[in-house]
Amino acid sequence: MELQGKVIAETQERKGTSARGDWKAKDFVIETHETYPKKMVFSVFGEERLSRFNIQIGQEVLVSFDIDAREYNGRWFNSIRAYDVRQVDPAQYGAAAPAAPAAFASEPTAAPAAAPAAEAPFPPAAEGESTDDLPF
């Protein structure tokens, strides 16, 4: 999945040691540019990815991520991990947006095709009935 937005916050880097060795992770928050902006927090895991992505507050980015859920003590928690983060030119922040909104833009053009159905009343009026909309 992908989401584009502006980086508005970051958390402190987390470090630890596991059976596989040392690890680092950091969380970032992005905000979308929709009519009602949404925020998403995502994690970048691994020192190599953190240095390669070089995410800074204020950058416009396109985040490719995976969503996973895990259970802990009878409760479920979502985890959003970024596997790729690319900088986007702020002047073109809508250029890499998913094509789904374009499908909505084409729907109004389908309305004229439905116009002939509007000519015939529904339910069809029987002969001798008035054409007003009163139920009696």
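The values are calculated or read from the model by the stated rules, or taken from the named source; none is laboratory data. These numbers come from a predicted model, not from an experiment. For neighbour counting, all protein chains shown are included, and Cβ atoms are generated from backbone atoms with ideal geometry for every residue, glycine included. Surface accessibility is based on the protein's heavy atoms, side chains included, excluding ligands, DNA and RNA. Shrake-Rupley method; radii C 1.70, N 1.55, O 1.52, S 1.80 Å.
Summary table
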read-out	value
Test: residue in region 21-29 that is under 16 Å from the mean Cα position of the chain (by Cα) and either modelled with pLDDT of 95 or more or open to solvent by 90 Å² or more (accessible area, probe 1.4 Å) (or both)	yes
Counted residues, region 4-21 - those being farther than 14 Å from Ile80 by Cβ and touching a strand residue (DSSP E or B) at 6+ places or on another chain (Cβ under 7 Å)	10
Filtered residue count, region 1-24, keeping only those that are of a type in the set (D, E, K, R) and in a loop (DSSP other than H, G, I, E, B)	2
Residues of region 30-56 satisfying the condition of being in contact with a strand residue (DSSP E or B) (Cβ under 8 Å, 6 or more places away or on another chain) and open to solvent by 100 Å² or more (accessible area, probe 1.4 Å)	Lys38, Lys39, Glu47
Residue match in region 25-44 (condition: in a loop (DSSP other than H, G, I, E, B) and of a type in the set (Gly, Ala, Ser))	no
